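Peer 1: This is the structure, below, for whatever I ask next.
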Amino acid sequence: MKIKNKLLVGFGFYTLLAVAMGCFMYLELHTIISRLAYVKSADDIVNNALETRRYEKNLLLFNDKGAINELDHYITLLRKNIGVLKKEIVKKIGAQEFAKLSGQIDEYEQSIHAIARNPADKGLIEKVRIIAREIQATIDAVAGGERASIDYLLAHLNRSMILLLFTIAAFIIAGAIINMKLAASISNPIRDLEEATKRVGGGDLSWRSELTGRDEIASLGMSFNRMQERLSAARQSLELAITELHEKQEQLLESEKLASLGRIAAGVAHEINNPLAIVNEKAGLMQDIIGISDEFQNKDKFMSLIQGIVASVDRCRAITHHLLGYARPTESVMETMSLNDVLADVKGFLHKELEDKRIAMETNFPVDLPQIRSDKGQLEQVVLNIVRNAIEAVSEGGHINISSGMKDSKTALISIADDGPGIPQDKVKHLFEPFFTTKGKKGTGLGLFVSYGIVKKLGGMITAESKSGRGTTFTIQIPVDFRQ
Amino acid sequence: MSKKEIKVLLVDDEVEFVDTLGQRLKMRGLKVDIVYDGEQALSFVKKTAPDVIVLDLKMPGLDGMEVLREVKKLKPDVQVIILTGHGTDKDDEQARKLGGFDFIRKPADIDLLVVKIKEAFSEKIERAMTAITFAEAGVFETAERIIKKDE
């Protein structure tokens, strides 16, 4: 129900109450007034009859000549008053008896006048007395009883008053209940909505209005819900965007950090190469000279020492060339290929190493994976590098899982997971940095650094997830068709 | 022809390096001349034509890449091997475009370097022979084109 209608119902109820009370009062007053009028007339009739009898007595007993005029006066009044109450009297005694009463009054009047003219007529006097008594009896029967009407009226008034009080009380209670309900039905939803707006204002967007019905507040509630849903949706997408932004930012920072590390490393490598070349040539010349010299004491010892220098230079060269490889903007050889074939090839390459360590390699290559366009050789190098790391990480009889898939229609995924000892959380973020290694002296710390550079160059991304004791998972994202 | 001494010009501002390298190459039967910057290299080439130049890229004054360009203008048949500690793949590409024979990174293995020098020398001889063959046949244009191919 609409609020307007609710208010109209409340107002209507009280209007109805007022009208009903008015009608009731009117009817009650009407009854009382007509009763009073009846009682007054009946009383008049009885008085008239008594006065008539008094003057009749004066006339008959004391022969008071003047009494005849009073008699006429009272008989006329009697007749008039009986006329006023004719309807009630007829109702009480019937039309016949009423006619008889009128006839008796006429007869009484004539007889009185006859007696006034001839006071000695005893027979007539007797007749008048008889008629008078009959009239008196009839009047007492008709009007005399009505004196009791005053008691009745009082009782009736009392009852009416009590009834009136109860009715008013009942109406007030009923009205109060109805109006309270109506008021509650208007104000409760408003309060709910107010509560809701407070919650929403406080940031809780999960609240929903449960208002039903067809009034303005319910429809306000529904509008509110729609607004809520939009707000929630907007906030969700905003949060999503912010999360993505954070991720992107982190990736950007990470890649910038690695790029500058790469530049520094490459710069150092460049600078080291020249003195290293001198060491190389000097040692080489010593080797050449000793090589052609005649036998002398400790010749072999010198040769092996120089061999050690040259071997160390070789190691340094491997490192500097590796580092320069990171910064090297080589042209990639793009070709269309099946990612699954690349992964299968890598598995093939590592067959022996896997067997030696009794490692179970599970592969999950969806057959419907689309072909991608990328540099096969470089991609192979990256996957090989990561799987080799995994082989080194897991213990004998461990597991490695390689799977391919699609992140979305434009990005392919390669995931390489092992159940090795994992990498502590604080070290994972350094995994791709140059010279970071978890293999101790066995690793150069350049493998993942170079892999990172390659994947980056192919327009992709490489991430690692690891927890101590839970193994490590590398995920490589590669664009399906990378345009340089 | 193959018994002929290969004339190698080493160009590098790193004296310690280039002198030592020179000695080692001499020990391996090559005829070695050494200069320490780009200008000297060019004036050397103008006077006498070496068979192969081993050229550093990063030098004060005229750098290796400019020297390579000039050498190929002056004497297109002289073969140039870049030997550098600073080279990127981009430099590699550019050097080859300018007619460089090969691109080796320092520190280099002496045996590899000698192999490359010999290869460069063979290349030079082969070109010359082809040019002569064409020239004898009267196809001067082709001969010239082969000689100036790298420009």
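Peer 1: Give the number of residues within segment A:187-214 that are more than 23 Å from residue A:2 (Cβ to Cβ), hydrophobic (A, V, I, L, M, F, W, C) and at pLDDT 80 or above.
Peer 2: The qualifying residues number 1.
Peer 1: Output the qualifying pairs, or none if there are none: Cβ atoms under 9 angstrom, residues six or more apart or on different chains, first residue in segment A:365-390 and closer than 12 Å to residue A:454 by Cβ and in the same structural domain as residue A:410 (by TED's automatic domain parsing), second residue buried (at least 20 other Cβ atoms within 10 Å of the Cβ) and among the hydroxyl-bearing types (Ser, Thr, Tyr).
Peer 2: The qualifying pairs are A:381/A:451; A:382/A:451; A:382/A:452; A:383/A:451; A:385/A:451; A:386/A:451.
Peer 1: Sort out which residues of segment B:1-35 are within 14 Å of another protein chain (Cβ to nearest Cβ) and either assigned to a loop (DSSP other than H, G, I, E, B) or open to solvent by 60 Å² or more (accessible area, probe 1.4 Å) (or both), and write them in order of number.
Peer 2: Across segment B:1-35, the qualifying residues are B:12, B:13, B:14, B:15, B:16, B:23, B:26, B:27, B:28, B:29, B:30.
Peer 1: Sort out which residues of segment A:282-304 are within 14 Å of chain B (Cβ to nearest Cβ), surrounded by 10 or more Cβ atoms within 10 Å (Cβ to Cβ) and part of a helix (DSSP H, G or I), and write them in order of number.
Peer 2: A:282, A:283, A:284, A:285, A:286, A:287, A:288, A:289, A:290, A:291
Peer 1: Next up: So, of the residues in segment A:261-281 that are more than 7 Å from chain B (Cβ to nearest Cβ) and either buried (at least 20 other Cβ atoms within 10 Å of the Cβ) or at pLDDT 90 or above (or both), which turns out to be farthest from residue A:307 (Cα to Cα)?
Peer 2: If we take residues in segment A:261-281 being more than 7 Å from chain B (Cβ to nearest Cβ) and either buried (at least 20 other Cβ atoms within 10 Å of the Cβ) or at pLDDT 90 or above (or both), then A:262 is farthest from residue A:307 (Cα to Cα).
Peer 1: Okay, next question. Return yes when residue A:170 is under 30 Å from residue A:32 (Cβ atoms) and open to solvent by less than 100 Å² (accessible area, probe 1.4 Å) and no when it is not.
Peer 2: When the stated conditions are applied, residue A:170 passes them.
Peer 1: Quick one: count up the residues across segment A:21-48 that are touching a residue at least 60 places away in the same chain (Cβ under 8 Å) and under 60 Å from the mean Cα position of the chain (by Cα).
Peer 2: Count: 4.
Peer 1: Do we have residue A:101 as within 19 Å of residue A:81 (Cα to Cα) and at pLDDT below 90 here?
Peer 2: So residue A:101 fits the description; yes.
A quick yes/no check of all residues on (1) part of a helix (DSSP H, G or I); (2) open to solvent by less than 80 Å² (accessible area, probe 1.4 Å); (3) within 19 Å of residue A:47 (Cβ to Cβ):
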| site | (1), (2), (3) |
| --- | --- |
| A:91 | yes, no, no |
| A:101 | yes, yes, yes |
| A:106 | yes, yes, no |
| A:113 | yes, yes, no |
| A:125 | yes, yes, no |
| A:128 | yes, yes, no |
| A:134 | yes, no, yes |
| A:140 | yes, yes, yes |
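Peer 1: I'd like to check something: does segment B:37-44 contain any residue that is of a type in the set (Ser, Thr, Tyr), free of Cβ contacts under 8 Å to residues at least 24 places away in the same chain and either within 12 Å of chain A (Cβ to nearest Cβ) or open to solvent by less than 10 Å² (accessible area, probe 1.4 Å) (or both)?
Peer 2: There is no residue in segment B:37-44 that is of a type in the set (Ser, Thr, Tyr), free of Cβ contacts under 8 Å to residues at least 24 places away in the same chain and either within 12 Å of chain A (Cβ to nearest Cβ) or open to solvent by less than 10 Å² (accessible area, probe 1.4 Å) (or both).
Peer 1: Another question, if that's okay. Taking residue A:209 and the conditions (1) over 24 Å from residue A:14 (Cβ atoms); (2) open to solvent by 40 Å² or more (accessible area, probe 1.4 Å); (3) of a type in the set (S, T, N, Q), which numbered condition does it fall short on, given that it satisfies the others?
Peer 2: With (1) over 24 Å from residue A:14 (Cβ atoms); (2) open to solvent by 40 Å² or more (accessible area, probe 1.4 Å); (3) of a type in the set (S, T, N, Q) applied to residue A:209, the lone miss is (2).
Peer 1: Let me ask something else. What single numbered condition from (1) part of a loop (DSSP other than H, G, I, E, B); (2) at pLDDT 85 or above fails to hold for residue A:119?
Peer 2: Among (1) part of a loop (DSSP other than H, G, I, E, B); (2) at pLDDT 85 or above, residue A:119 violates only (2).
Peer 1: Another question, if that's okay. Going residue by residue through segment A:422-440, is there one that turns out to be more than 28 Å from residue A:321 (Cα to Cα) and touching a Gly at 6+ places or on another chain (Cβ under 9 Å)?
Peer 2: Yes, some residue in segment A:422-440 is more than 28 Å from residue A:321 (Cα to Cα) and touching a Gly at 6+ places or on another chain (Cβ under 9 Å).
Peer 1: Scan segment B:45-60 residue by residue and report those that are more than 13 Å from residue B:12 (Cβ to Cβ) and open to solvent by less than 50 Å² (accessible area, probe 1.4 Å).
Peer 2: B:45, B:49, B:50, B:51, B:52
Peer 1: Determine, yes or no, whether residue A:382 is open to solvent by less than 50 Å² (accessible area, probe 1.4 Å), under 20 Å from residue A:443 (Cα atoms) and either within 14 Å of chain B (Cβ to nearest Cβ) or assigned to a loop (DSSP other than H, G, I, E, B) (or both).
Peer 2: When the stated conditions are applied, residue A:382 does not pass them.
Peer 1: For segment A:464-484, name all the residues that are over 17 Å from residue A:393 (Cβ atoms) and without any contact (Cβ under 8 Å) to a residue 60 or more places away in the chain.
Peer 2: A:483 - this is the single residue of segment A:464-484 that is over 17 Å from residue A:393 (Cβ atoms) and without any contact (Cβ under 8 Å) to a residue 60 or more places away in the chain.
Peer 1: Still on this structure, I have one more. Would it be correct to say that residue A:70 is part of a helix (DSSP H, G or I), surrounded by 15 or more Cβ atoms within 10 Å (Cβ to Cβ) and in the same structural domain as residue A:43 (by TED's automatic domain parsing)?
Peer 2: yes
Peer 1: Go through (1) in a strand (DSSP E or B); (2) at pLDDT below 90 and name the single condition residue A:431 misses.
Peer 2: (1)
Peer 1: So, in segment B:61-108, how many residues would count as being open to solvent by less than 40 Å² (accessible area, probe 1.4 Å), within 14 Å of chain A (Cβ to nearest Cβ) and in a loop (DSSP other than H, G, I, E, B)?
Peer 2: Residues that pass the stated criteria total 6.
Peer 1: Does residue A:87 fit the bill of being farther than 14 Å from residue A:109 by Cβ and either of a type in the set (Ser, Thr, Tyr) or assigned by TED's automatic domain parsing to the domain that holds residue A:139 (or both)?
Peer 2: yes
Peer 1: Further question: Of all the residues that make up segment A:38-62, how many are open to solvent by 30 Å² or more (accessible area, probe 1.4 Å) and farther than 16 Å from residue A:113 by Cα?
Peer 2: Selection size over segment A:38-62: 6.
Peer 1: State which residue is nearest to the other protein chains (Cβ to nearest Cβ) when the search covers only segment B:109-125 and only residues that are charged (D, E, K, R) and within 15 Å of the chain's Cα centre (by Cα).
Peer 2: B:116
The values are calculated or read from the model by the stated rules, or taken from the named source; none is laboratory data. Note that this is a predicted model, so its numbers are computed, not measured. We place every Cβ from the backbone using ideal geometry, glycine too, and count neighbours over all the protein chains shown. Note: areas computed on protein heavy atoms with side chains; ligands, DNA, RNA excluded. Shrake-Rupley method; radii C 1.70, N 1.55, O 1.52, S 1.80 Å.
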